[in-house]
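Below: one structure, written as structure tokens.
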Amino acid sequence: MPNPFKSVLDKTSGLTRQTAIYAGNAFDRVFRAASLVQAGQTPFETLHSDGLVSLRYYPPLQEDFIELDDLTIPVERTTHRTPIVIIPPLAVNMLIYDLFPQRSLVRFLRAKGFEVYLIDWGVPKREHSHYNLHTYVAELLPAYLNRVREHSGEQELSLHGWSMGGMFTLFYSALSQDQHVRNAIVLGSPIDSHASGFMGVASQAIAEAAEVIRKRTGFRIHNLKPHWFHTPGWANTLGFKLTNPIGSVMGYWELIVRLGDREFVTSHATTSAFLDRMVAYPGGIIQDTVVRVWIDNQLSKGEIQIGEDIARLENVSANLLAIAGSEDTMVTPGAAKRVMDHVSSGDKTFRVVPGGHMGILAGSKAPKESWLKMAEWLAQRSD
């Protein structure tokens, strides 16, 4: 759809021209938002897909330099021996890892000399409602890591997990006791969920009520069929925004105030493309995480039930870098830091960086506050 205000810009000046700019940006943001989105521009190859889950590989970059916000980063031609596998959380789309050409995690890691793979969990439908923690941690994840090993020719891997992806990383390492997971990077993953601010307080209250119900009735959430808990993408988008309702509203207010700033309008459209396109949670995952992670807070004791098995964090021995956001209201630093008490890693580091739950991964401060330090930490442990 052409922008009807473009021709006006060529014929006007002064206040009228400024009005036309505002009107043109507003038109594009509402009716042509897809044309503004800058995300998802880094090329990748799909190595395997089962119809839902797929494995991406990001080949070497062709350029000699990349822009990282206001920094120029030379592209390293010598690759580190240990590949890195990005393990996303569920519910999000993969644009978050390639959000802007100047703020793309996959592009940055590739430029820093890492072989980069990403597991795309796809868009679960009602037919996948029975998928639970065991499905992802004990079935899908090991199968796809084996494909990474086949393609790369390397047994040792580095795993990178944000939010639930960080939990998947820890659960897999704990359950499988895979000694070839050399490095593990987890961001914003709750280990003591009851210590996570307001959500922690709410979880404790629900836990007390749940215990009373269990004792009096014997009822368990897992007694219900998982399809009752299947959560559509729009609900996940709403829930994510409600973790910071003021920030969500202010974001649209700032859009109105800065409607004359084309760069800001483009940035807003790009970020919204991620936030507004979240995907469904399988019901089995909701049952497992709500009960075992948030209500029962099993991880605070260093273990969690995965299917019929128990995954113990003491079995995690990989070099560990755990990161929390100073403004994260979903997973506070206190909730994330408890991982340090349970893993057996001889080399383990915990850092608090500026940003909220999404900001620590792909916010405006992430490249300088997190990515550069992460790449340095990883490079020292990948050859």
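Remarks
- Just so you know, in segment 308-319 the residues that are in a loop (DSSP other than H, G, I, E, B) and out of contact with any strand residue (DSSP E or B) (no Cβ under 6 Å at 6 or more places or on another chain) include one that is farthest from Thr289 (Cα to Cα), and it is Ser317.
- Count of residues meeting criterion [more than 15 Å from Ala174 (Cβ to Cβ) and either in a strand (DSSP E or B) or not polar (S, T, N, Q) (or both)] in segment 320-339: 13
- Gln155 vs. criteria out of contact with any Leu (no Cβ under 6 Å at 6 or more places or on another chain), within 23 Å of Ile323 (Cα to Cα) and open to solvent by 40 Å² or more (accessible area, probe 1.4 Å): no
- Of the numbered criteria (1) open to solvent by 60 Å² or more (accessible area, probe 1.4 Å); (2) modelled with pLDDT under 70; (3) among the hydroxyl-bearing types (Ser, Thr, Tyr); (4) not in a helix (DSSP H, G or I), the one Thr12 fails is (1).
- Hits in segment 288-301 - residues which are in a helix (DSSP H, G or I), surrounded by fewer than 23 Cβ atoms within 10 Å (Cβ to Cβ) and in contact (Cβ under 8 Å) with a residue 12 or more places away in the chain: Thr289, Val290, Val291, Arg292, Val293, Trp294, Ile295, Ser300
- Cβ-Cβ under 6 Å pairs, at least 6 apart or on other chains, segment 116-143 side farther than 16 Å from Met164 by Cβ, far side hydroxyl-bearing (Ser, Thr, Tyr): Val116/Tyr58; Tyr117/Tyr57
- For segment 345-383, the tally of residues that are open to solvent by less than 70 Å² (accessible area, probe 1.4 Å), part of a loop (DSSP other than H, G, I, E, B), in contact (Cβ under 8 Å) with a residue 24 or more places away in the chain and of a type in the set (Gly, Ala, Ser) stands at 4.
- Conditions (1) in contact with an Asp or Glu (Cβ under 9 Å, 6 or more places away or on another chain); (2) assigned to a strand (DSSP E or B): number failed by Leu159: (1)
- Of residues in segment 76-112 being free of Cβ contacts under 8 Å to residues at least 60 places away in the same chain and not β-branched (Val, Ile, Thr), the one surrounded by the most Cβ atoms within 10 Å (Cβ to Cβ): Asp98
The values are calculated or read from the model by the stated rules, or taken from the named source; none is laboratory data. Computed from a predicted model, the values in this text were never measured in an experiment. Quick reminder, even Gly has a Cβ in these numbers, built from the backbone with ideal geometry, and neighbours come from all protein chains shown. Please note that ligands, DNA and RNA were not included when accessible areas were found on the heavy atoms of the full protein model with its side chains. Shrake-Rupley method; radii C 1.70, N 1.55, O 1.52, S 1.80 Å.
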